Amino acid sequence: MRPSPTGDPAGQPAGRTAGGSRGSRVKSPEQLVAESGGDLEGHGLRRTMGLFQLVCFGVGAIVGTGIFVGLSDSVAEAGPAVVVSFLLAAATCVVTAFAFAELGSAIPVSGSSYSFAYATLGEPTAFLVGWCLLLEYGVSVSAVAVGWGQYLNELLESLVGARLPEALSAPPGDGGVVNVPAVVVIGLAAVLLVRGVRESARATAVMAVVKIAVLVLFCAIAFTAFEAGNLAPFAAHGVAGITSGASIAFFSYIGFDAVTTAGEEVRDPRRNVPLAVLICIGAVTVLYCLVALAAVGALSADAVADQPAALSLIVNEVTGSSFGGGVIAFGAVVAIASVVLAVLYGQTRVLMSMSRDGLVPRIFERVSPRTATPVANTWIVAVVFAIPAAVVPLEVVLNLTTIGTLAVMAVVNVAVIALRRRYPRLEAGFRAPLFPFVPALGVLLCLYLMWGTGGRTWAQFAVFLVVGAVVYVLYGRRHSRLAGGRGDRVRGRGGPGA
């Protein structure tokens, strides 16, 4: 990085220490990178992923339950205007993706939003961001896994003419009692993750290619039965319906920021991380809009609304057989499994970063020397989030995940503004365009979609944040290694104040 007049490579203003002499407890980007092991290897993690694998990882984290299962819920709210809902959700993600791309290239470590907040807004905010990431990554694993059983049944029925008992495969509250397939898919993902990042990346790449091919096949089939009349009335439920539909559709995009959690395991992260973020969000947006348009054009919005395994239903109706629906179901089974894998990975890496800082117990930062993976961390996360996947209704999980993710994204847009002000000479492989207009727009769009989740979800989220604040005061603040002087020792290696 270019040296600044103050002697700080990050360009931090003189007199402001990474340790937060004014009580802010801020870590500089230099310090975060140094603690992660710099640009080489750190804490047992190995740089094994290239751009293609990272893009596949990102697509693997995004395309899953949201489009295969949640599409029908968005259609129920917005009607044929569901395409606009997907575009509105995509706009929120695109402007935020610029912020993630800049932050990911400037601070290429494994903590994603948590680390970005630590470098710009301070430790208390960073902890609450990490707490909210439990919703985006951890709880979304539960939400994604819940939908796996529905498509697994569709696949079994098309192959052998049998289904798993509804009590053991349907979402709790929707006919199910204990969702066994959800627990199974989380367990399988955990097994693959503890074997190694290289193996997980290869599996994710294969699954990403399969599910994109299946969605393209769906569009090809559904557009053969497209009828313009099915799009009228277009905005049957008005602007409120489009907004509510966008809040639900947003769940379909959750996961693109998981790319930034791989910052310590990617080759040339300052180039590849921002490229992967932007490629993923662009490709997925085009694909989702085509799928939504094909779905409501082939089968009216009323027929699609609130239908489980809607894409298989549409293909069966169009082709007049169950074979095509079976192919779609196979794609959904693969897609949802890959999302569980990618998002479970993201959660473990965030907890690893928080553990390094002392904000959560040290067991989460331990890496196996044999597999170079956080084995205990992975199994703890898998077990903890398999429980809500088995017994919590899908709607509750979806709404909490959505509002938590939107809150994190709003903070990330604020963080990129703070990054430019706090570290004006910091080198980054990407710069958000039209600064500061784009990140400010990102904050507003996130708040707008958060409003669309409803009052009950806001109340649940408020309780969640209060619990997080209590945990920080009682545990995180007392055990913070930055407060204990560890930050000063790291600064001596070239961070602020050196």
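I'm checking my understanding of the structure. Among residues of the range 313-323 that are of a type outside the set (A, V, I, L, M), touching a residue at least 12 places away in the same chain (Cβ under 8 Å) and out of contact with any Ser or Thr (no Cβ under 8 Å at 6 or more places or on another chain), which one is nearest to Val146 (Cα to Cα)?
Of the residues in the range 313-323, the ones of a type outside the set (A, V, I, L, M) are 316-317, 319-323.
Filter once more, so that each one left must be touching a residue at least 12 places away in the same chain (Cβ under 8 Å): 317, 319, 322-323.
Cutting the leftovers down to out of contact with any Ser or Thr (no Cβ under 8 Å at 6 or more places or on another chain) gives us 317, 319.
On the way: Glu317: 25, Thr319: 28 Å.
Of everything passing the filter in the range 313-323, Glu317 is nearest to Val146 (Cα to Cα).
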Worksheet, complete the sentence: Taking the range 264-311 and keeping residues in a loop (DSSP other than H, G, I, E, B), small (Gly, Ala, Ser) and either over 23 Å from the mean Cα position of the chain (by Cα) or closer than 17 Å to Met49 by Cα (or both) leaves Ser300, Ala305
Fill in: Selection within the range 171-190 - out of contact with any Leu (no Cβ under 7 Å at 6 or more places or on another chain), free of Cβ contacts under 8 Å to residues at least 60 places away in the same chain and under 16 Å from Ile336 (Cα atoms)
Val184
Worksheet, complete the sentence: Exactly one of Leu441, Leu474 is part of a helix (DSSP H, G or I), modelled with pLDDT of 90 or more and within 23 Å of Leu275 (Cα to Cα), and that residue is Leu441
Fill in: So Val296, is it crowded, with 24+ Cβ neighbours inside 10 Å, closer than 30 Å to Leu474 by Cβ and among the aliphatic types (A, V, I, L, M)
no
Fill in: Checklist (1) over 24 Å from Met450 (Cα atoms); (2) in contact (Cβ under 8 Å) with a residue 12 or more places away in the chain; (3) in contact with a Leu (Cβ under 9 Å, 6 or more places away or on another chain); (4) not β-branched (Val, Ile, Thr) applied to Leu159, failing item
(3)
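Taking the range 191-204, which residues are touching a Leu at 6+ places or on another chain (Cβ under 9 Å) and without any contact (Cβ under 8 Å) to a residue 24 or more places away in the chain? Let's see the steps before the verdict.
From the range 191-204, those touching a Leu at 6+ places or on another chain (Cβ under 9 Å) are 192-193, 197, 199-201, 203-204; that's our starting set.
Across the range 191-204, the qualifying residue is only Glu199.
Tell me, please, whether a residue that is over 30 Å from Leu313 (Cβ atoms) and at pLDDT 85 or above can be found in the range 70-91.
To start, the set of residues in the range 70-91 that are over 30 Å from Leu313 (Cβ atoms) comprises none.
Taking every residue of the range 70-91 in turn, none turns out to be over 30 Å from Leu313 (Cβ atoms) and at pLDDT 85 or above.
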Worksheet item: For residues in the range 415-449 being within 27 Å of Ala240 (Cα to Cα) and touching a residue at least 60 places away in the same chain (Cβ under 8 Å), which is nearest to the chain's Cα centre (by Cα)?
Response: Cys446
Worksheet item: What is the number of the single condition among (1) modelled with pLDDT of 85 or more; (2) within 30 Å of Pro374 (Cβ to Cβ); (3) surrounded by fewer than 24 Cβ atoms within 10 Å (Cβ to Cβ) that Asn316 does not meet?
Response: (2)
Practice prompt. Would you check which residues across the range 57-102 are under 17 Å from Thr405 (Cα atoms), among the β-branched types (Val, Ile, Thr) and not in a helix (DSSP H, G or I) and list them?
Written response: Val63
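Could you tell me how many of the residues in the range 155-187 are among the acidic types (Asp, Glu) and within 23 Å of Ile254 (Cβ to Cβ)?
Going through the range 155-187 one residue at a time, the tally reaches 1.
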Worksheet item: In the range 335-373, how many are hydroxyl-bearing (Ser, Thr, Tyr), crowded, with 23+ Cβ neighbours inside 10 Å and either modelled with pLDDT of 90 or more or under 19 Å from Thr405 (Cα atoms) (or both)?
Response: 3
Worksheet item: If you scan the range 446-472, which residues turn out to be closer than 13 Å to Ala407 by Cα and either aromatic (Phe, Trp, Tyr) or touching a Cys at 6+ places or on another chain (Cβ under 9 Å) (or both)?
Response: Tyr448, Trp451, Trp458, Phe461, Phe464, Leu465
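It is to be established whether one or more residues within the range 174-190 are out of contact with any helix residue (DSSP H, G or I) (no Cβ under 9 Å at 6 or more places or on another chain) and in a helix (DSSP H, G or I). Spell out how you get there, then give the answer.
We begin by selecting, within the range 174-190, every residue out of contact with any helix residue (DSSP H, G or I) (no Cβ under 9 Å at 6 or more places or on another chain); these are none.
No.
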Discussion item. Can you tell me which condition Phe251 does not meet? The list is (1) exposed (fewer than 15 other Cβ atoms within 10 Å of the Cβ); (2) assigned to a helix (DSSP H, G or I), and all the others hold.
Written reply: (1)
Worksheet item: Inside the range 207-247, can you point out the residues that are in contact (Cβ under 8 Å) with a residue 40 or more places away in the chain, surrounded by fewer than 17 Cβ atoms within 10 Å (Cβ to Cβ) and either in contact with a Cys (Cβ under 8 Å, 6 or more places away or on another chain) or among the β-branched types (Val, Ile, Thr) (or both)?
Response: Val209, Val210, Val216, Thr224
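Does Gly487 satisfy the criteria of being over 23 Å from the mean Cα position of the chain (by Cα), buried (at least 20 other Cβ atoms within 10 Å of the Cβ), small (Gly, Ala, Ser) and at pLDDT below 95? Don't jump to the end; show me each part of the working.
Details: over 23 Å from the mean Cα position of the chain (by Cα): yes; buried (at least 20 other Cβ atoms within 10 Å of the Cβ): yes; small (Gly, Ala, Ser): yes; at pLDDT below 95: yes.
Yes, satisfied.
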Discussion item. Let me spell it out: the conditions are (1) in contact with a Gly (Cβ under 7 Å, 6 or more places away or on another chain); (2) under 17 Å from Ala145 (Cβ atoms), and Val367 meets all of them except one. Which number is the exception?
Written reply: (2)
Practice prompt. Looking only at the range 31-52, decide whether some residue is modelled with pLDDT of 50 or more, surrounded by 18 or more Cβ atoms within 10 Å (Cβ to Cβ), aromatic (Phe, Trp, Tyr) and within 29 Å of Ala283 (Cβ to Cβ).
Written response: no
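For the range 116-133, name all the residues that are at pLDDT 90 or above and either on the phi > 0 side of the Ramachandran plot or in contact with a Ser or Thr (Cβ under 7 Å, 6 or more places away or on another chain) (or both).
Ala117, Ala119, Gly122, Glu123, Val129
The values are calculated or read from the model by the stated rules, or taken from the named source; none is laboratory data. Quick caveat, the model's predicted, so the values are computed rather than measured. Backbone-built Cβ (ideal geometry, glycine too); neighbour counts: all protein chains shown.
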